[in-house]
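Here the structure is laid out as structure tokens; the discussion comes afterwards.
Just so it is clear, none of the values below were taken in a lab; they were calculated from the coordinates. This one's a predicted model, so the numbers in the text were calculated from it and none came from an experiment. Cβ placement follows ideal geometry from the backbone for every residue including glycine, while neighbour counts extend to all protein chains displayed.
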Amino acid sequence: MADPMRIRANMAGDKVEVRVLMSHEMETGQRKDAKGALVPAHFIQNVTVTHAGKTVLSAQWGTSISKNPFMHFRFKGGKPGEKVIIGWVDNRGERRTDEAVIGGG
Amino acid sequence: MESKRRDILKAGSGAGMLALAAAAGLLKPREAFAQQWNKAAFESKSVAATLKALGGSGSTESAQIQITAPDIAENGAVVPITIESGIPKTQAIAILIEKNPNTLSADFDIPEGTDPFITTRVKMAETSNIYAVVMADGKYFHTVKEIKVTLGGCGG
């Protein structure tokens, strides 16, 4: 099981500003190990962010997203105390879901 | 034999139902496939092929899309990129890296209420043009920025 995501969600005016740092190898499948064997690809393919039952951002990723992926975005309609839920699924079907409470501005 | 035929009948009507639901607008295509991964697009090896795999036939260069990224990236493994679209009805933002082994890096779906703005970090194999492709109101727009890479982020 991967380590928890670090999520920061804060009000910025009437919008919620979200920053998330995920813990994932994001192995490209192009790299070779010390013995010269190809390291198989292992990377996050889908990311979904929901708030109050509504998807506020979804993404498909390839192997060229950096290791320990970072994402920053903003959405309208959130209030302090409400939750932002972020989930990812990688190419091996491993998944992780974390949530954060929206903080004041 | 009998049971097999029934299975086929069932399968047939199931698919029919799905098509009906889609036709009735109960399932929007992008929602229906939200958890899917566009394999063809991510395996594309050129900007044109990626655009095609994403569903666009062509793209117009637009000054309303901004890429904020360093001109020179010392470490190709971590290149911060911010894309902001000023185009009304922006629905999706994709990041394409022309000279990477696979061109498409990420495709973000921007629902209504979410700013057409995204920051993330990507890997770059070598100095390359970055294309920010925006889908707005069903049409495709893009802007380009070159980033020089001192140390590649793939292989190594």
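Volume of the convex hull of chain A (Cα atoms only), normalised per residue: 93 Å³.
When only Cα pairs below 8 angstrom with a gap of at least 6 residues are kept, the range B:49-129 shows a relative contact order of 31 percent. Quick one: go through the range B:54-73 and flag any residue whose amide nitrogen is under 14 Å from the point 7 Å out along the Cα-to-Cβ line of residue B:144. Residues B:59-63 qualify, since their backbone N sits under 14 Å from the label point.
Counting other C-beta atoms within 10 Å, and keeping those with at most 15, which DSSP coil trypsin sites (Lys or Arg not before Pro) do you find in the range A:9-105? Let's see the in-between values first.
Numbers: sites: A:15, A:19, A:31, A:32, A:35, A:54, A:67, A:74, A:76, A:83, A:92, A:95, A:96; in loops: A:31, A:35, A:67, A:92.
Sites meeting the loop and neighbour criteria: A:31, A:35, A:92.
Treating each Cα of the range B:38-151 as one equal point scatterer and applying the Debye formula with no solvent, the log10 of I(q)/I(0) at q = 0.23 Å⁻¹ comes out as -1.33.
Over the range A:13-62, what per residue volume does the convex hull of the Cα atoms give, in whole Å³?
Once divided by residue count, the hull of the range A:13-62 is 95 Å³.
R0 = 30 Å: FRET efficiency of residue B:82 with residue A:94, Cβ-based, nearest 0.05? Calculated transfer efficiency: 0.60.
Given R₀ = 41 Å, FRET efficiency for residue A:2-residue B:129 by Cβ-Cβ distance, to 0.05? FRET efficiency, residue A:2 to residue B:129: 0.80. Entry note, chain A: relative contact order of 33 percent, from Cα contacts under 8 Å with a spacing of 6+ residues. Applying the Karplus relation 6.51 cos²θ - 1.76 cosθ + 1.60 with θ = phi - 60° to the range A:82-95 yields 3J(HN,Hα) values of 7, 9, 10, 10, 10, x, 9, 10, 9, 6, 9, x, 6, 9 Hz, where x marks Gly and Pro.
Taking 0.36 nm per residue of separation and subtracting the Cα-Cα distance, what length does fully extending residue A:35 through residue A:85 add? Each step should come with its number before you reach the end.
Numbers: separation 50, 0.36 × 50 = 18.00 nm, distance 4.05 nm.
Full extension from residue A:35 to residue A:85 adds 14.0 nm.
For chain A, a Gaussian network of Cα nodes joined below 10 Å ranks A:44, A:65, A:86 by mean-square fluctuation, and the top entry is A:65.
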